[in-house]
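Here's the structure, in structure tokens; my notes come after.
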Amino acid sequence: MRRVPPRTLLPRAACTAALALTLTACGLLPGGDDAADGPPLSAPVGVTAQAGSATSVHVMWNRPTGSAPVTGYEVYRGPVRVEVLPADRHMVDVTGLRPKSRYVFTVRARGTDGDLGPAGRGVTVTTPAAVAKDRSAPTRPARLRGRADGGRAVSLSWGGSSDDRGVVSYDIYQGTTKIHSVTGKETRALLTGLRPGTAYSFTVRARDAADHVSPASATVRLTTAGAKDKDGERGTAPGDFRVTARRSDEDGAYYLDLTWTAPRTGGEVPAYQVYVDGRQATTVMWGESAPEGAAKYSFYIGKDAGARHRVKIRAQLPDGTWGAFSPERAVTTRAKDR
């Protein structure tokens, strides 16, 4: 797949100001004609889609970040509505799909007035090819292990299952309820949105293209910490973060070169926030091919030699929330060597 280069977004404050100006002009914020109707619905966040078999896709999302109440959700395959769910459901298996086919899924929230909010970002997924005469389920995932990452997240890892035709996905269960799914190439997952100081039980099952499901793995029992870490959950931080400064021969300006490894979340990390000297400087986003391992990014920092900066980054997790910050690194722009 072709790598889509990252794009830089305006700082959040600038984007929010521009959006607020647009919405006010349309009468959707205080000062407009619809101000009395309360806050508008925003789009669901953290939408993901994972092929569960040759004919099914597991779609997950988080509730909108705004304060408007939500009474339900609608899931769309392209322009076609395929599922209607209550407000307490944030995932669904869409079945009856065609093997080896590309689909785009979106999710919309419904408010108390019955109106639908905007669609979240469309997520693309391709179902695998159907496998003829596949009558065997995958083997049981082995050696399930886990650790609590602070008060609201846990990390799981397990030994891969085998199958005569290949494992398509792994389903993670909390008790008897499926709560997450990752591709068959992954043998770990990060589960977020948990409650501090709470005991949980997890198991994992493997699934093949014919929708055969393995026996459940052994159960791992974990208890989240009683309070959230200061900067988020430890296991969600980017690893091996490094920063160097360089001077461009073309314009004499200085640039910061960042390198890091993506946190192992069991899903795509679509964006990173870069903080310089304690303030958000930029947001880096990738398209459909976000780097799964090593990543790098460069950006303009100024023309002053001898300037000292502190830099750190954090990743957007598959559920739409932001993870822990990397260690903060200090860097100094230096005059060109003579």
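The values are calculated or read from the model by the stated rules, or taken from the named source; none is laboratory data. Note that the structure is a prediction, hence the values are computed from the model and not measured. Because the Cβ atoms are built from the backbone with ideal geometry, glycine has one as well, and the counts that use them run over all protein chains shown.
Conditions tested, residue by residue: (1) surrounded by fewer than 17 Cβ atoms within 10 Å (Cβ to Cβ); (2) under 16 Å from PRO44 (Cβ atoms).
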{"residue": "THR106", "(1), (2)": "no, yes"}
{"residue": "ARG110", "(1), (2)": "no, yes"}
{"residue": "ASP115", "(1), (2)": "yes, yes"}
{"residue": "VAL123", "(1), (2)": "no, yes"}
{"residue": "PRO128", "(1), (2)": "no, no"}
{"residue": "SER136", "(1), (2)": "yes, no"}
{"residue": "ARG140", "(1), (2)": "no, no"}
{"residue": "GLY150", "(1), (2)": "no, no"}
Whichever residue in the stretch 77-93 is closer than 18 Å to GLY111 by Cα and among the basic types (Lys, Arg) and, among such residues, is farthest from the chain's Cα centre (by Cα):
ARG81
Here are some conditions: (1) modelled with pLDDT under 90; (2) part of a strand (DSSP E or B); (3) of a type outside the set (A, V, I, L, M, F, W, C). GLY266 meets all but one. Which one does it not meet?
(2)
Of all the residues that make up the stretch 213-227, how many are exposed (fewer than 15 other Cβ atoms within 10 Å of the Cβ), part of a loop (DSSP other than H, G, I, E, B) and modelled with pLDDT under 90?
2
Filter the stretch 272-293 down to residues that are within 14 Å of SER326 (Cα to Cα) and either crowded, with 17+ Cβ neighbours inside 10 Å or modelled with pLDDT under 85 (or both), then give me how many there are.
5
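Restricting to the stretch 228-263, what's the tally of residues that are at pLDDT 75 or above, touching a strand residue (DSSP E or B) at 6+ places or on another chain (Cβ under 7 Å) and either part of a loop (DSSP other than H, G, I, E, B) or of a type in the set (Gly, Ala, Ser) (or both)?
Within the stretch 228-263, the first condition is being at pLDDT 75 or above, and the residues that meet it are 236-263.
Applying the additional criterion that residues be touching a strand residue (DSSP E or B) at 6+ places or on another chain (Cβ under 7 Å) yields 236-248, 253-263.
Those left that are additionally either part of a loop (DSSP other than H, G, I, E, B) or of a type in the set (Gly, Ala, Ser) (or both): 237-239, 245, 248, 253, 262-263.
Total satisfying the criteria: 8.
Kindly evaluate THR203 against the criterion of being surrounded by 19 or more Cβ atoms within 10 Å (Cβ to Cβ) and under 21 Å from the mean Cα position of the chain (by Cα).
Numbers: surrounded by 19 or more Cβ atoms within 10 Å (Cβ to Cβ): yes; under 21 Å from the mean Cα position of the chain (by Cα): no.
Here the answer is no, as THR203 does not meet what is asked.
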Are any residues in the stretch 54-76 more than 21 Å from the chain's Cα centre (by Cα) and in contact (Cβ under 8 Å) with a residue 40 or more places away in the chain, and if so, which ones?
ALA54, THR55, ALA68, PRO69, VAL70, THR71
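Output the residues belonging to the stretch 160-189 that are in contact with a Pro (Cβ under 6 Å, 6 or more places away or on another chain) and modelled with pLDDT of 90 or more. Lay out the reasoning, then the answer.
So in the stretch 160-189, the residues in contact with a Pro (Cβ under 6 Å, 6 or more places away or on another chain) come out as 161, 163, 167-168.
The answer is SER161, and nothing else.
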Looking at (1) within 24 Å of the chain's Cα centre (by Cα); (2) at pLDDT below 90, which is the one condition that is false for ALA209?
(1)
